[in-house]
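What follows draws every value from the coordinates through simple rules; no lab data is involved. No experiment lies behind these values; they were computed from the predicted model shown. Cβ sites come from the backbone with ideal geometry, for glycine too, and all protein chains shown count toward neighbours.
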Amino acid sequence: MNTKFKVIAFDADDTLFVNEPYFDEAEEKFCALLSDYLSKQSISQALFQTQITNLPLYGYGIKGYILSMVETAYSISNHTVSTKVMEKIIEIGKELLQKPIVLLDGIEETLQQLHQHYKLVVATKGDLKDQHRKLHLSGLGPFFHHIEVMSEKEELDYEKLLKRLEVEPHEFLMIGNSLKSDVLPVLNIGGTAVHVPFHTTWAHERIDHEIIHNHFYTAEKASDIIELLDL
Ligand SMILES: [Mg+2]
């Protein structure tokens with residue numbers, strides 16, 4: 001691997017700390033709340049559909065997720081859902097906003113080592129306040145030079161980020177768990193990407209084809225990045 005990067009960017013959710021399992025848990029609770037109306041699978045599908053439809057309006061993150069749960073509950077109950085259930089849905093959302101921060105294996109040691117050699121940044125989607133909360137509580141903040149909460153992670157968004165950081169694509173390495181958001185757009189603009197898979201991925205972030213590219217790497221765990229960079 002070319003190791004002359006000026007900036008190494010990390011995704012946050014399911015790259016630095018646990019995220020998707022909390023959403024899975026919330027969805028389980030949501031389905032249980034509405035089990036009088038539909039099967040678990042149908043409720044999940046309806047919620048996913050509402051989320052995708054709402055993404056252009058709400059963006060990513062828990063607050064938009066809460067509104068999508070509310071909307072889905074109204075729709076699948078044909079507007080008969082009780083205020084008690086609505087209250088529980090808001091509660092599920094608030095719980096999500098207060099989940100403990102669980103760092104992924106080896107991430108702290110990896111950042112500790114990398115930040116002595118490279119400028120590190122966080123490039124994440126999600127709610128601004130929630131991402132700042134998580135980074136603050138994670139204790140990882142001091143390793144990072146900059147935290148970018150992006151509304152999308154597409155080519156143009158990365159191009160803007162690189163411009164702001166004053167780096168060229170070949171000087172930029174992105175590390176993350178999503179092939180769709182952390183890998184493909186970065187490769188497409190001429191950057192380098194390392195995929196560190198997490199055991200579960202949101203359906204919206206999955207892609208169904210293999211990536212073959214000479215600036216694309218896979219690491220089983222964060223600490224493997226140290227070796228990839230010959231440190
Ligand atoms: Mg992620």
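Using only DSSP helix segments of four residues or longer, with each worth -39500 (n - 2.57), what per-residue ellipticity at 222 nm results for the chain after dividing by its residue count and rounding to 500?
When only DSSP H runs of four or more count, the value is -13500 deg cm²/dmol.
Full extension from K84 to I189: what is 0.36 nm times the residue separation minus their Cα-Cα distance, to one decimal in nm?
32.9 nm
Pairing the Cα long axis of helix 83-96 with the longest principal axis of the chain, what angle in degrees results, from 0 to 90 and rounded to the nearest 10?
With rounding to tens, the tilt is 10 degrees.
Output the 0 to 90 degree angle, nearest 10, between the alpha-carbon long axis of helix 40-58 and the longest principal axis computed from the alpha carbons of the chain.
Result, in degrees: 60.
So, R0 is 30 Å and r is the distance between the beta-carbons of M1 and T200; what FRET efficiency does that work out to, to 0.05?
Given R0 = 30 Å and the Cβ-Cβ separation, E is 0.65.
Under the classification rounded if a/c is under 1.5, otherwise prolate if a/b is larger than b/c and oblate if not, where does the range 16-82 fall, given a ≥ b ≥ c as square roots of the Cα gyration tensor eigenvalues?
oblate
Between 0 and 90 degrees, rounded to the nearest ten: what's the tilt of helix 128-138 against the longest Cα principal axis of the chain?
60 degrees
Given the options M69, M174, M86, state which has the largest fluctuation in a GNM of the chain using a 10 Å cut-off (strictly under) for Cα springs.
Looking only at M69, M174, M86, the biggest GNM fluctuation is shown by M86.
Under 10 Å, Cα contacts only: if you run a Gaussian network model on the chain, which one of H209, H136, H170 comes out with the highest mean-square fluctuation?
H209
For the chain, what percent of Cα pairs sit more than 31 Å apart?
Within the chain, distances greater than 31 Å cover 26 percent of Cα pairs.
Under the rule that an exposed site lies in a DSSP loop and has at most 12 other Cβ atoms within 10 Å, name the longest stretch of the chain with no GluC sites (Glu not before Pro) of that kind, not counting the sites themselves.
Segment 1-165 is the longest.
Using a simple spin-label model with points 7 Å from Cα along the Cα→Cβ vector, what separation in nm is obtained for S75 and E154?
Placing both labels 7 Å beyond Cα along the Cβ direction yields 2.1 nm.
Could you list K119, K160, K125, K4 so that the one with the fewest beta carbons within 10 Å of its beta carbon is first and the one with the most is last?
Ranking K119, K160, K125, K4 by Cβ neighbours within 10 Å, fewest first, gives K4, K160, K119, K125.
For the range 20-97, what relative contact order do you get, as a whole percent, if you take Cα pairs closer than 8 Å and at least 6 residues apart?
36 percent
Only bridges whose two residues both fall in the chain count here: according to DSSP, what percent of them are antiparallel, nearest 5?
Counting only bridges with both partners in the chain, antiparallel ones make up about 5 percent.
If one computes the Cα centroid of the range 80-141 and of the range 193-231, what distance in Å separates the two points?
20 Å
With charges set only on the Cβ (+1 for Lys and Arg, -1 for Asp and Glu), what does the dipole of the range 34-164 come to about its Cα centre, in debye to the nearest 20?
That gives a dipole near 240 debye.
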